[in-house]
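Below: the structure, in structure tokens.
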Amino acid sequence: MNRLSIEGGTRLDGQIRISGAKNATLPILAAALLADSPLTVGNVPHLHDVTTTVTLLRRMGVEVTVGERMQLEIDPGTLKECIAPYDLVRTMRASILVLGPLLAHFGEADVSLPGGCAIGSRPVDLHLQGLRAMGADIVVDNGYIQARCGRLRGAQILMSPVSVTGTENLMMAATLAEGETTIENAAREPEVVDLAKCLNQMGAKIEGAGSDLIRITGVKRLGGTHYDVLPDRIETGTYLVAGALTGGHVRLKQTRADMVQSIIEKLQEAGAEITSDQDWIELDMKGRRPLAVSVHTAPYPEFPTDMQAQFTALNAIAKGAGVVTETVFENRFMHVQELARMGADLQLEGNTVFTRGVAGLKGAPVMATDLRASASLVLAGLVAEGETLVDRIYHIDRGYECIEEKLSQLGAHIRRIPA
Ligand code: UD1
């Protein structure tokens with residue numbers, strides 16, 4: 001299994017390009033299943049989760065052509081079966097995103113239940129409830145969601161709690177339903193907006209994406225288009241934290257400050273100077289040690305759960321006491337014990353991590369069991385004395401494109417050690 005070796009202690013300095021957003025790419029690739037003609041998608045990040053989605057589409061018989069710079073062309077016209085098998089779904093929960101499109105376009109879908117995962121139970125009941133309200137007949141048998149329908153009907157759906165992929169699945173299904181669908185308490189994440197923009201370009205009629213009330217008027221058919229995915233706000237936030245943690249100066253290109261306001265505010269509180277324009281963000285820590293901050297995760301536009309672990313790493317070496325409270329997932333603290341092994345002073349109580357910043361961490365062999373937790377260990381490694389060896393980096397490869405190349409470009413001493 002590949003590992004990352006990091007020699008800490010370098011102040012990051014330089015500029016890098018931010019990749020397309022993983023969490024927008026996955027639903028947009030699934031949305032291709034709604035169309036009658038090929039969809040081409042640009043600014044696609046080269047990530048494990050994207051490869052898994054492509055494998056899943058190909059398994060269904062869909063033709064996917066990978067062009068230059070990861071431009072993907074997806075031709076749903078060759079689809080042979082509407083099945084998402086367990087061996088793929090278990091490696092990527094977001095596979096559930098094919099359920100709505102398959103059902104709406106082909107009237108059937110057999111999708112394996114995702115099951116448990118490293119950050120909590122993560123049910124899909126809201127996806128199923130919404131599709132049932134739209135007239136789908138759904139049974140769960142042998143670990144599979146078996147869904148059938150004629151043409152779906154518009155419905156009034158209330159999401160509680162707010163669910164990102166739930167909103168996306170139902171919004172996609174509703175594009176081909178008969179009549180109007182409303183989704184109340186909809187997720188407002190920028191990736192939901194990006195998906196709605198792509199669907200509208202394909203011929204859908206969606207209003208209100210980005211607010212908590214989305215209105216979809218069903219149409220008879222959708223066609224292909226070309227769509228470029230928006231920048232990854234979590235990758236953006238992670239490299240901003242990398243700059244802050246090391247007292248460095250980083251400039252991130254091809255990204256948008258408006259999507260990361262809650263992250264920028266916390267970094268400013270930590271002492272960072274941040275400037276930005278339409279498509280870049282610059283962070284300058286001027287060599288200072290960050291100040292500890294308190295964060296409380298919640299759905300967009302509040303502070304993202306996907307940045308919680310990285311801020312815990314920041315607090316671990318910051319000046320003062322910090323508090324990080326997780327409210328979205330029940331068990332997202334895999335990084336806490338590993339950071340403690342590197343010398344961090346943290347205490348986990350319920351869903352809150354209390355930290356007392358230490359002046360330095362010590363490199364150690366560490367590993368994590370989810371994507372963002374692994375990223376926080378890489379960040380900690382950047383400031384730790386000596387070598388940090390991060391194991392099980394397939395988690396990182398699920399969500400960060402060329403992480404060692406990008407960090408090297410910023411001056412970090414990091415390399416991949418093949419198994
Ligand atoms: C998405 C993101 C993930 C991010 C998360 C929260 C993708 C591919 N993944 O995950 O990176 O961490 O949003 O911002 O976009 N819930 C239910 N029933 C449901 C669905 C969800 O109770 O049917 C609960 C979950 O257990 C969780 C909360 O709702 O406590 C939010 O989960 P959700 O927004 O659905 O997360 P994902 O869409 O899976």
inquiry  = Starting from the 7 Å offset along Cα-to-Cβ, what nm value, one decimal, do you get for the label separation of Glu302 and Thr65?
reply    = 4.6
inquiry  = Heavy atoms only, 1.4 Å probe, whole protein assembly: order Met334, Met367 by accessible area, highest first.
reply    = Met367, Met334
note = In order over segment 323-335: 3J(HN,Hα) from phi, Karplus 6.51/-1.76/1.60, θ = phi - 60°, whole Hz, x for each Gly or Pro, gives 9, 10, 10, 9, 10, 8, 10, 7, 9, 10, 10, 4, 6
key: Rounded accessible area per residue of the chain, 1.4 Å, Å²   = 38
task = Sort largest first and round to whole Å: the equivalent ellipsoid semi-axes of segment 342-419, each the square root of five times a Cα gyration tensor eigenvalue.
result = 22, 16, 11
ask   = Can you list residues whose amide H is under 5 Å from Leu176's amide H, if they're 5+ apart or on another chain and H is modeled 1.01 Å from N?
value = Val219
inquiry  = Bin width 5 Å, origin at 0, all Cα-Cα pairs of segment 230-301: what percent of pairs per bin?
reply    = 3, 18, 31, 25, 15, 6, 0
query = Sequence-distant or interchain residues sharing an amide H contact under 5 Å with Ser37, placed H: which?
reply = Gly224
query = Counting pairs of alpha carbon atoms under 8 Å apart in space and at least six apart in sequence, what relative contact order in percent does the chain give?
reply = 21
query = From a point 7 Å beyond the Cα of Gln261 in the direction of its Cβ, which residues of segment 200-228 have a backbone N at a distance under 13 Å?
reply = 211
key: Accessible surface of the chain, 1.4 Å probe, proportion on carbon and sulfur as whole %   = 46
key: Cα Rg, Dmax (largest Cα-Cα span) when computed across segment 100-197, Å   = 13.0, 39
inquiry  = Could you tell me how far the Cα centroid of segment 184-260 sits from the Cα centroid of segment 329-402, in Å?
reply    = 27
inquiry  = I'd like to know which of Asn169, Leu410, Tyr400 lies farthest towards the positive end of the charge dipole of the chain, counting +1 on Cβ of Lys and Arg and -1 on Cβ of Asp and Glu.
reply    = Leu410
request  = List, in the order given, every pair from Lys22/Lys286; Lys22/Lys266; Lys253/Lys286; Lys80/Lys197; Lys197/Lys220 whose Cα-Cα distance in the structure shown is over 26 Å.
outcome  = Lys22/Lys286; Lys80/Lys197
query = Out of residues 5 or more away from Tyr227 or on other chains, whose amide H comes under 5 Å of its own, with H placed 1.01 Å from N in the peptide plane?
reply = Thr40, Val41, Gly42
inquiry  = Can you tell me what share of the DSSP beta bridges in the chain is antiparallel? A percent to the nearest 5 is fine.
reply    = 70
inquiry  = Quick check on segment 54-101: take the gyration tensor over C-alpha atoms, sort the square-rooted eigenvalues as a ≥ b ≥ c, and tell me if it's rounded (a/c under 1.5), prolate or oblate.
reply    = oblate
key: Compactness of segment 377-419 as Cα Rg over 2.2 N^0.38 Å, two decimals   = 1.10
key: Calculated SAXS-style log₁₀ I(q)/I(0) at q = 0.10 Å⁻¹ - segment 264-419, Debye, Cα scatterers   = -0.34
message = Quick check for me: using +1 on Lys/Arg Cβ and -1 on Asp/Glu Cβ, what's the dipole size of segment 277-380 about its Cα centre, in debye to the nearest 20?
response = 580
note = One would report the Cα pair-distance distribution of segment 16-74, bin width 5 Å, in %, as 4, 19, 34, 28, 11, 3, 1, 0
key: Value of relative contact order over segment 134-176, rounded to a whole percent, pairs C-alpha under 8 Å and six or more apart   = 33
message = So for the chain, considering every pair of alpha-carbon atoms, how many percent are separated by more than 38 Å?
response = 21
note = With +1 on the Cβ of every Lys and Arg and -1 on the Cβ of every Asp and Glu, the dipole magnitude of the chain about its Cα centre, in debye rounded to the nearest 20, is 360
message = Is there a quick way to get the dipole size of segment 168-214? I mean about its Cα centre, with the Cβ of Lys and Arg at +1 and of Asp and Glu at -1; what is the value in debye to the nearest 20?
response = 140
request  = Sort segment 148-239 into rounded, prolate or oblate with this rule: let a ≥ b ≥ c be the square roots of the eigenvalues of the Cα gyration tensor; rounded if a/c is under 1.5, and if a/c is not under 1.5, prolate when a/b is larger than b/c, oblate otherwise.
outcome  = oblate
note = One can check that the equivalent ellipsoid of segment 288-357, built from the alpha-carbon gyration tensor with semi-axes equal to the square roots of five times its eigenvalues, has lengths in Å, largest first, of 18, 14, 9
remark   = One would report the Cα pair-distance distribution of segment 1-155, bin width 5 Å, in %, as 2, 9, 16, 19, 18, 14, 9, 5, 3, 3, 2, 0, 0
query = At Asp141 and Glu330, where each label point lies 7 Å from the Cα along Cα→Cβ, what is the point-to-point distance in nanometres?
reply = 2.9
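The values are calculated or read from the model by the stated rules, or taken from the named source; none is laboratory data. Quick caveat, the model's predicted, so the values are computed rather than measured. Cβ: placed from backbone, ideal geometry, glycine included. Neighbour counts: every protein chain shown. Quick note on the areas: whole protein, heavy atoms, side chains included, nothing else; ligands and nucleic acids left out. Shrake-Rupley method; radii C 1.70, N 1.55, O 1.52, S 1.80 Å.
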